[in-house]
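Note sheet for the following structure.
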Amino acid sequence: MSRVKDEFNKRCRDDWLFLIGQWVHNERDRAMLIRHFLDGIVFEDLAEEFELSVNYCQERVSKACAQLFKHVKS
């Protein structure tokens, strides 16, 4: 995931908020992606916040990233 974090550091927050809004079509997935990558929330805290397991949060964030990066060129 550090490679993905590096990608997030290449653009400003406003760009990512726009792109995530355009390409991640599930509200919860958008929120988790924003909270993890833009707000720096670790998966354990994310799981607690969304009342999900850590593994499920990681899976959802990973799939949302895949969806996003299908459309985003760095």
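What follows is calculated from the coordinates using simple rules that are stated; it is not laboratory data. Every value quoted in this text rests on a predicted model; they were computed, and no experiment measured them. Using ideal geometry, Cβ is built from the backbone for each residue, glycine included, and neighbour counts are taken over all protein chains shown.
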request  = Would you please name the trypsin sites (Lys or Arg not before Pro) within region 1-63 that are DSSP coil residues with at most 10 other C-beta atoms within 10 Å of their C-beta?
outcome  = 10
Residue 41 long-range amide H proximity, modeled H, under 5 Å = 36
query = According to a simple spin-label model (label point 7 Å from Cα along Cα-to-Cβ), what is the distance in nm between residue 73 and residue 27?
reply = 3.4 nm
note = Across 10 Å bins beginning at 0, the whole-percent shares of Cα-Cα pair distances in region 1-42 come to 29, 62, 9
remark   = Any aspartates and glutamates whose Cα falls less than 19 Å from that of residue 73, other than same-chain ones fewer than 8 residues away, would be 6, 7, 14, 15
task = Please give the calculated 222 nm ellipticity per residue for the chain, where each DSSP H segment of at least 4 residues contributes -39500 (n - 2.57) and the sum is spread over every residue; nearest 500 deg cm²/dmol?
result = -19500 deg cm²/dmol
key: Sparse-neighbourhood loop sites, GluC sites (Glu not before Pro) in region 18-70 - DSSP loop, at most 12 other Cβ within 10 angstrom   = 51
query = Which of rounded, prolate, oblate describes the chain, given a ≥ b ≥ c as roots of the alpha-carbon gyration tensor eigenvalues and a/c under 1.5 marking rounded, otherwise prolate only if a/b is larger than b/c?
reply = prolate
key: Relative contact order computed over the chain (Cα-Cα under 8 Å; 6+ residues apart), in percent   = 35 percent
task = Please get the size of the charge dipole for the chain, origin at its Cα centre, with Cβ charges of +1 on Lys and Arg and -1 on Asp and Glu, quoted in debye to the nearest 20.
result = 500 debye
